[in-house]
């Protein structure tokens, strides 16, 4: 379920790296967007809407919307569609 083609972005994964998502160890590829690594691992819900708490996923993939905002290494509001995955990252959904 890995995203390999996109009309705007170029996905060129590097070596396999380990990261943690909500306490669970997962693997992705160095230099791919965090959101792409999560989707490839079967995680489709990245956040929830503020008012109605509806699930949000990997939507625009270019940093324009707020559907992929997550906490990365303790830093909130990271746009995971444009921030690249690195070894040892700790990723969490945020309220």
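What follows is calculated from the coordinates using simple rules that are stated; it is not laboratory data. Only a predicted model underlies this, so the values are computations on that prediction, with no experimental measurement involved. Glycine gets a Cβ as well: all are built from the backbone with ideal geometry, and neighbour counts include every protein chain shown.
Details
- Neighbour counting of Cβ atoms within 10 Å sorts the residues 80, 20, fewest neighbours leading, into 20, 80.
- Full extension of the segment from residue 45 to residue 64, taken as 0.36 nm per residue of separation minus the current Cα-Cα distance, would add 5.1 nm.
- Mean separation of Cα contacts under 8 Å (6+ apart) over length of the chain, as relative contact order %: 30
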